[in-house]
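S.K.: This structure is in structure tokens; I'll ask about it shortly.
The values are calculated or read from the model by the stated rules, or taken from the named source; none is laboratory data. Nothing here was measured: the structure is a model prediction, and the numbers come from that model. Note that we place each Cβ from the backbone using ideal geometry, even for glycine, and neighbour counts take in every protein chain shown. With ligands, DNA and RNA removed, areas are computed over all heavy atoms of the protein, side chains included. Shrake-Rupley method; radii C 1.70, N 1.55, O 1.52, S 1.80 Å.
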Amino acid sequence: MDEPQKPEWVRFGQRVKRLRRRQGLSLNELARRTDWSASYLGKIENATRAPNGDVVTALDRALRTNGALLREWGDVLKARTEPEWYRQSRDYEKRAREIRFFHPLVVPGFFQTSEYARLLISQSVPGASEDHIQNVIRTRASWRADLRTDAGLALNVILAETALSLPMPAEVMGEQIERLVQESERANITVQILPAGVPDLAWINGPFRLIYIGDEQAVLCVEHPVGELLFADTREIRNLEAVFGRLQAWALPPDSSARKLKEMRQAL
């Protein structure tokens, strides 16, 4: 029985069909190249069957897309598991030239190691299944991969010192801090530590990020326990820009933050 169509399947199927026709191939000819039936390939093109990892690998090879189809299939997989609010913010971030991020409680998801993420999700979501935990780990790893700092994206992160003092096993926190040290050494990434006990309570605004896309209006993304909210309201954006500026003023400079991270790693 055919499965109900989903928008991400439609886009993927249309992409496969365009590639096949551009190369002058019939479904039967493509089937011979991939060893998958023309009927099954037709269902993928018409979005009545979900893509399968093995067939996508065969299609990528047969259509000579050098991994492009595999990457698009990865987006299909993420679309199955990521909620709409998460996909929406990721779409903005893929086009961003700068992202300013603050989190008062934990290391940002895009910088989390797999063991750090595992410990957080297993304790913050009692009863979380292994499949759910693995999905969170994969999602956060792919989030970092999407932040194209090598393509000019500037990432400015303020991280509270208290987030690095959570009661975690030394090996987990040590690996996590080492990851932050490595990220802070990248040219387009600035990591600053907000010392514990600063007298400014701007941090109680909670976690947020400001996303700047070319000459467009900035987008504000505010996290809450079960998701995120996106805002384009100029007043709200200016308020959080002011908060970020105050947090930067209290935070350690980048070089001092790097030394602080190394000291905390050595102290574990």
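S.K.: Specify the residue that is most open to solvent (accessible area, probe 1.4 Å); the eligible residues are those in the range 15-25 that are in contact with a helix residue (DSSP H, G or I) (Cβ under 8 Å, 6 or more places away or on another chain) and over 14 Å from residue 73 (Cβ atoms).
M.R.: By that ranking, first place goes to 17.
S.K.: So, of the residues in the range 196-208 that are in a loop (DSSP other than H, G, I, E, B) and in contact (Cβ under 8 Å) with a residue 60 or more places away in the chain, which turns out to be surrounded by the most Cβ atoms within 10 Å (Cβ to Cβ)?
M.R.: Within the range 196-208, the first condition is being in a loop (DSSP other than H, G, I, E, B), and the residues that meet it are 196-200, 206-207.
This time we only want the ones that are in contact (Cβ under 8 Å) with a residue 60 or more places away in the chain, so: 206-207.
On the way: 206: 12, 207: 19.
Here the answer is 207.
S.K.: Looking for something over 26 Å from the mean Cα position of the chain (by Cα), more than 22 Å from residue 176 (Cα to Cα) and touching a residue at least 24 places away in the same chain (Cβ under 8 Å) - is there at least one such residue anywhere in the range 233-246?
M.R.: Yes, there is a match, as at least one residue in the range 233-246 is over 26 Å from the mean Cα position of the chain (by Cα), more than 22 Å from residue 176 (Cα to Cα) and touching a residue at least 24 places away in the same chain (Cβ under 8 Å).
S.K.: Which one of these is over 22 Å from residue 94 (Cα atoms) and not aromatic (Phe, Trp, Tyr): 187, 202, 141? Lay out the reasoning, then the answer.
M.R.: On the way: 187 fails: over 22 Å from residue 94 (Cα atoms); 141 fails: over 22 Å from residue 94 (Cα atoms).
When all the criteria are applied, what remains is 202.
S.K.: Taking the stated definitions as given, is residue 59 at pLDDT below 90 and of a type in the set (A, V, I, L, M)?
M.R.: No, not satisfied.
S.K.: Being open to solvent by less than 40 Å² (accessible area, probe 1.4 Å), of a type in the set (A, V, I, L, M, F, W, C), part of a strand (DSSP E or B) and in contact with a Ser or Thr (Cβ under 7 Å, 6 or more places away or on another chain) is the requirement here; does residue 155 meet it?
M.R.: In short, yes.
S.K.: Please identify the pairs in which a residue from the range 1-28 that is farther than 14 Å from residue 47 by Cα and part of a helix (DSSP H, G or I) has its Cβ atom under 6 Å from the Cβ atom of a residue that is modelled with pLDDT of 75 or more and of a type outside the set (S, T, N, Q), counting only partners at least 6 apart or on another chain.
M.R.: 19/63; 20/30; 27/38; 27/41; 27/42; 28/38
S.K.: Is it the case, given these coordinates, that residue 211 is in a helix (DSSP H, G or I), open to solvent by less than 70 Å² (accessible area, probe 1.4 Å), modelled with pLDDT of 85 or more and over 17 Å from residue 160 (Cβ atoms)?
M.R.: Criteria not met by residue 211.
S.K.: Which condition breaks for residue 50 when tested against (1) modelled with pLDDT of 85 or more; (2) surrounded by 15 or more Cβ atoms within 10 Å (Cβ to Cβ); (3) over 30 Å from residue 213 (Cβ atoms); (4) not polar (S, T, N, Q)?
M.R.: (1)
S.K.: Further question on the same structure: Can you report the number of residues in the range 91-136 which are open to solvent by less than 30 Å² (accessible area, probe 1.4 Å), in contact with a helix residue (DSSP H, G or I) (Cβ under 8 Å, 6 or more places away or on another chain) and not in a loop (DSSP other than H, G, I, E, B)?
M.R.: Total satisfying the criteria: 12.
S.K.: I've got another one for you. Out of 171, 223, which single residue is assigned to a helix (DSSP H, G or I), charged (D, E, K, R), out of contact with any helix residue (DSSP H, G or I) (no Cβ under 7 Å at 6 or more places or on another chain) and on the phi < 0 side of the Ramachandran plot?
M.R.: 171
S.K.: Further question on the same structure: Which members of the range 90-141 meet the condition of being closer than 23 Å to residue 189 by Cα and hydroxyl-bearing (Ser, Thr, Tyr)? Write out each step before concluding.
M.R.: From the range 90-141, those closer than 23 Å to residue 189 by Cα are 90-117, 137-141; that's our starting set.
Within the range 90-141, 92, 113, 114, 116, 139 meet the criteria.
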